[in-house]
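Everything on this sheet refers to the single structure shown next.
The values are calculated or read from the model by the stated rules, or taken from the named source; none is laboratory data. Not measured: the values here are computed from a predicted model. Please note: Cβ atoms are built from the backbone with ideal geometry, for glycine as well, and neighbour counts cover all protein chains shown.
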Amino acid sequence: MIRRFFLVTVLLAVLGFSNAACRKERPEPPAEGSPDEKASATKALTVGFSQVGAESAWRTAETKSIKSEAQRRGVNLKFSDAQGRQENQIKSIKNFIAQEVDVIVLAPVVETGWEPVLKEAKASGIPVILVDRGIEVSDDSLYATLIASDFVEEGRMAARWLVEMTGGKVNIVELQGTVGSAPAIDRKRGFAEISDQFPDMKIIKSQSGEFTRAKGKEVMEAFIKSEGGNIQAVYAHNDDMALGAIQALDDAGMNPGRGVLVISIDGVRGAFEAMVAGKLNATVECNPLFGPITFDTIDKLLAGDTVPKKIVNRDRLYDQSEAAQVIDSRKY
Ligand code: GZL
């Protein structure tokens, strides 16, 4: 009996000691506001973000979301706007590598031409996270993950809506996004997958409007000149080009939203305003609020947790019937 008592006492003493020892091993956090605390704060995460540009309201919303989330989390964000040029993005990635950032976030303007610079990032041990758009590489270990919408499905959703509205009998003009970009390639592919099933659903003209309102208007004016009353619907790969096309249709007295159906993608506030005004018929939401998911993913990555190769944002279609009641709750 005494022996067991003795053993238990020794055991408790050892546990108590080791616990105290552990407690001692873990240094007290620096006092609030002390130089040490400031020092540990300056060791905050540093992230280099190479952004496509500021071509659309969607892009501006994405940039705002990532910048504000970085600020909220105390992340040191190095931001570069490439003005839509891949060479500028490659330059900014090289700069981030030279500055030894902890993580690189890239919204790639086009799908190809990334292998060399991503190999440099990999050789430097800096993980790369793709947001918003994918890339074509032979070695997908060159990036940790892609966080994006399913652009092919967005194209299918737009086409299915148009089939519902027209019974699959309609002449369409298509305003494509930036040539060579994942959203332009995949939104075209998804739409065609559905429209090809209907012989009388014809894309009579298709051209890039570069995701901008101005170019969308200019290309639509050219379509009106060549096709005129033959045009029964517009499929725009983003809302900015759709709003430009609506301006051109209005100028030509072609009554957008009634005389000519207009369907687009993104779901920005301007699209909801145009739906309330009866000029845009529907838009497929492509959520640009990447901030929270991007930094959550960075935290997981740096903690050594497994991160899926693709993280898909879910999208849905909004049409005129619901625009008025949801417009005030829109976050972008
Ligand atoms: C989609 C994004 C596209 C938007 C456009 O994820 O890459 O680029 O649809 C933007 O508005 O310019």
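Can you tell me which residue in the range 271-288 is nearest to the chain's Cα centre (by Cα), limited to those that are within 11 Å of the ligand (Cβ to nearest atom) and outside any strand (DSSP E or B)? Restricting to residues being within 11 Å of the ligand (Cβ to nearest atom) and outside any strand (DSSP E or B), the top hit is P288. Screening S141 against (1) touching a strand residue (DSSP E or B) at 6+ places or on another chain (Cβ under 6 Å); (2) in the same structural domain as A107 (by TED's automatic domain parsing); (3) without any contact (Cβ under 8 Å) to a residue 40 or more places away in the chain leaves a single unmet condition, (1).
Every test in (1) within 19 Å of R156 (Cα to Cα); (2) crowded, with 21+ Cβ neighbours inside 10 Å is passed by N313 save one, and that test is (2).
Taking into account only those residues within the range 42-67 that are away from the ligand (no atom under 16 Å from the Cβ) and of a type in the set (S, T, Y), which is farthest from the chain's Cα centre (by Cα)? Explain how you work it out, then say what you get.
Step one: of the range 42-67, the residues away from the ligand (no atom under 16 Å from the Cβ) are 42-48, 67.
Narrowing the set further to residues that are of a type in the set (S, T, Y) leaves 42, 46.
Values: T42: 29, T46: 21 Å.
Checked the range 42-67; the qualifying residue farthest from the chain's Cα centre (by Cα) is T42.
The single condition from (1) within 16 Å of the ligand (Cβ to nearest atom); (2) outside the structural domain of I231 (by TED's automatic domain parsing) that P292 fails is (1). Within the range 255-266, the presence of a residue that is touching a Phe, Trp or Tyr at 6+ places or on another chain (Cβ under 7 Å), outside the structural domain of R72 (by TED's automatic domain parsing) and over 23 Å from I203 (Cα atoms) is excluded.
Can you report the number of residues in the range 213-237 which are within 16 Å of the ligand (Cβ to nearest atom) and farther than 19 Å from R156 by Cα? Spell out the reasoning first.
As a first pass, look at the range 213-237 and keep what is within 16 Å of the ligand (Cβ to nearest atom): 213-217, 219, 234-237.
So of that shortlist, the ones also farther than 19 Å from R156 by Cα come out as 213-217, 219.
Number of matching residues: 6.
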